[in-house]
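Only one structure is covered here, and it is reproduced in the block below.
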Amino acid sequence: MPYADIDTIFLDVGNTLISIDFDRVAEELAARKFLCAPEALRRAEAAARPGYSERVFVTGVRPDRSLFHSYLFAILEQVKSLTLTPTQIDELVTESGPILRPEGRASVLWRMVMPGVPEALARMQRQGLTLAVVSNSDGTCAQSLEAAGLLHYLNFVIDSADVGVEKPDPRIFGIALARCGANPRRTLYVGDLYHADVVGARGAGLHALLLDPYGDWPQMDCERATDLTEVAERVARNSPSRP
């Protein structure tokens with residue numbers, strides 16, 4: 001990764017800057033007599049990413065199930081304390097999913113700033129980097145970022161619902177590049193799903209980095225980092241002229 005040449009960083013939002021409210025999910029499960037600690041859900045979410053990425057962007061999900069349904073199903077599949085059959089998980093997600101994330105209101109659930117993110121964004125901002133979000137969302141991405149106190153770190157936000165194209169289609173990255181006049185070879189995209197983020201960014205000629213906090217992904221053909229703090233540190237370490 002040519003960190004010293006990078007002058008623009010595009011970022012995913014979900015599980016890169018903001019996570020779902022795991023406390024809220026645990027409360028909803030407990031109301032249905034399924035006890036699961038928020039931390040167990042957080043760990044399960046990370047473990048679910050490789051399978052979810054493959055299922056959504058390669059093999060395909062059931063046409064009668066939303067992406068959020070598939071996402072929550074994938075998380076609950078990974079929770080060891082929930083000894084449920086796939087049918088039972090599906091029924092649980094069908095009941096609780098619309099309550100946790102009402103249609104068109106992703107910001108209700110996606111609202112927890114991930115550890116170290118404000119500090120990492122501030123550090124990269126001080127380094128003079130152009131920072132922007134490129135996210136598959138439902139039109140509420142900027143709202144979620146503003147509510148989380150992160151919007152002021154960003155030069156702009158590209159929400160797939162607003163531009164009519166979503167990752168991994170390279171056109172959404174092209175829209176972002178055109179917006180700020182960035183050179184793709186000097187631009188890094190950071191995200192958490194290989195088939196959407198890495199494949200999509202590379203299709204537009206960008207460098208790409210996969211966030212993998214616990215080492216759940218198998219051997220991949222891309223650079224990985226634990227979190228955004230590590231990304232900011234790598235950029236700073238390899239660009240000594242930056243503050």
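List of remarks:
- Per residue accessible area of the stretch 77-209, 1.4 Å probe, in Å²: 45 Å²
- Surface composition of the stretch 165-243: carbon plus sulfur atoms contribute 50% of the solvent-accessible area (1.4 Å probe, protein chains only, all chains present).
- Element breakdown for the stretch 54-161 at a 1.4 angstrom probe: carbon and sulfur atoms account for 52% of the accessible area.
- Per-peptide average of other Cβ atoms within 10 Å, ordering 12-21, 65-74 highest first: 12-21, 65-74
- Placed amide H near Leu11: partners under 5 Å, 5+ positions off or other chain: Ala132, Val133, Val134, Val190
- Projecting the alpha carbon convex hull of the stretch 1-113 along each direction and taking the average yields 8.7 nm².
- Whole-number percent relative contact order across the stretch 76-235, with pairs defined as alpha carbons under 8 Å at least 6 apart: 16 percent
- Positive end of the dipole of the chain (Cβ unit charges, origin at the Cα centre): among Ile6, Ser81, Leu177, the Cα lying farthest that way belongs to Ile6.
- Derived scalar couplings between HN and Hα for the stretch 206-219 equal 8, 7, 9, 9, 9, 7, 9, x, 10, x, 7, 6, x, 4 Hz in order, rounded to whole Hz, by the Karplus curve 6.51 cos²θ - 1.76 cosθ + 1.60 (θ = phi - 60°), x for Gly and Pro.
- Three semi-axes describe the equivalent ellipsoid of the stretch 87-141; taken as square roots of 5 times the Cα gyration tensor eigenvalues and ordered largest first, they are 33, 13, 9 Å.
- GNM flexibility winner over the chain from Pro50, Pro102, Pro118 (Cα, springs under 10 Å): Pro102
- Leu67 versus Val113: modelled label distance in nm, points set 7 Å from Cα along the beta carbon direction: 2.5 nm
- Hz values of 3J(HN,Hα) by residue in the stretch 47-53 - Karplus curve (6.51, -1.76, 1.60), Gly and Pro given as x: 5, 7, 4, x, x, 5, 4
- Among Phe68, Val133, Ser144 the positive-end extreme of the charge dipole of the chain (Cβ point charges): Val133
- With Cα atoms as the point set, the chain shows a radius of gyration and Dmax of 17.7, 56 Å.
- Summarising the strand pairing of the chain, around 15 percent of its internal DSSP beta bridges are antiparallel.
- Cα gyration tensor shape of the stretch 112-160, rounded if a/c is under 1.5, else prolate or oblate by comparing a/b with b/c: oblate
- Tilt relative to the chain, helix 22-31 - C-alpha long axis, 0 to 90 degrees, to 10: 10 degrees
The values are calculated or read from the model by the stated rules, or taken from the named source; none is laboratory data. Remember, predicted model here, so these are calculated numbers, not experimental data. Note that we place each Cβ from the backbone using ideal geometry, even for glycine, and neighbour counts take in every protein chain shown. Side chains are part of the model used for accessible areas, which takes the heavy atoms of the whole protein and leaves out ligands, DNA and RNA. Shrake-Rupley method; radii C 1.70, N 1.55, O 1.52, S 1.80 Å.
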